[in-house]
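What follows is calculated from the coordinates using simple rules that are stated; it is not laboratory data. All of these numbers come straight from a predicted model, not from anything done at the bench. Glycine also receives a Cβ, built like all others from the backbone with ideal geometry; neighbour counts cover every protein chain displayed.
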Amino acid sequence: MAIPVKLEAFEGPLDLLLHLIEKNKIDIYDIPIVEITEQYLDYIRQMDTEDMNVMSEFLVMAATLIDIKCKMLLPKEVNEEGEEEDPRAELVQKLLEYKMYKYMSFELRDKQMDAGRSLYREQHLPKEVEEYRPPVDYEALLADVSLSKLQEVFRFMMKRQEDKIDPVRSTFGRIEKDEVDMDRKVVYVEAFIRSHRRFSFRSLLEKQHSKMEIIVTFLVILEMMKLGQIDIEQQDICDDIIITSKVMAAG
């Protein structure tokens, strides 16, 4: 006995077929083609035939179902691998693809509806806040570059120089100009690097005799590092900084 089906719920032939399969609780991989074809043709008879574009799509599927029904009555064909071919296989594949896209459209529709219920207040910020730009964080900018580590050693060595000050003589109030020739200090540091090749930054600073020499030596090291003449490394934050000559290493 035919089951009456309403047209309004379906968007095309595959939609109708999928509905019939789910309504009758049929295994989509084992479609009873005779029963489904009869129900599908009953539906075709109830259709409004004024829209021939829609009607033609359903008629093509009806012809496909009848063709499959005829093939099911004939002896089954065997493919090159010796396996029997199922005339329903292509239709099943199309139904599975349609079902996947159909439920994906449901998910997208739900997301669209949820997004439509989200409200956002327009941003209003004072002009000075909008124009604010955070200052450059040099520590983050340098990251693992050894400039900050060199600075730590520099401060340490400066403190050691301060500790050497005679507390009695320092109160005499006499100020002497401590002049250091920058060019001579560059020559000195380059010679020290050539003779040692690899050494600790601390050992270099300890050989200086005044604060000014420490400062100038520190600046020379920074410049050489900037020019790529030396490599600087430190295994741990508390370890000494090791300087290696790139020229000597390359040679």
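Note down the net charge around Ala115, summing +1 for each Lys or Arg and -1 for each Asp or Glu among other residues with Cβ under 14 Å from its Cβ. Charge balance in the 14 Å sphere: 0. Counted residue by residue at 0.36 nm each, then reduced by the alpha carbon distance between them, the extension gain from Tyr29 to Asp183 reaches 46.6 nm. Placing +1 on the Cβ of every Lys and Arg and -1 on the Cβ of every Asp and Glu, with nothing else charged, gives segment 84-125 a dipole about its Cα centre of roughly 420 debye. Count Lys and Arg as plus one, Asp and Glu as minus one, and take only other residues whose Cβ is under 12 Å from that of Val92; the net charge is then -2. Sorted ascending by nearby beta carbons within 10 Å, beginning with the fewest, Ile31, Ile237 become Ile237, Ile31. Over all orientations, segment 16-126 has a Cα convex hull whose mean projected area works out to 13.1 square nanometres. Since only Tyr43, Ser56, Gly82 are under comparison, the one whose Cα sits farthest along the positive direction of the charge dipole of segment 34-93, derived from C-beta charges on Lys, Arg, Asp and Glu, is Tyr43.
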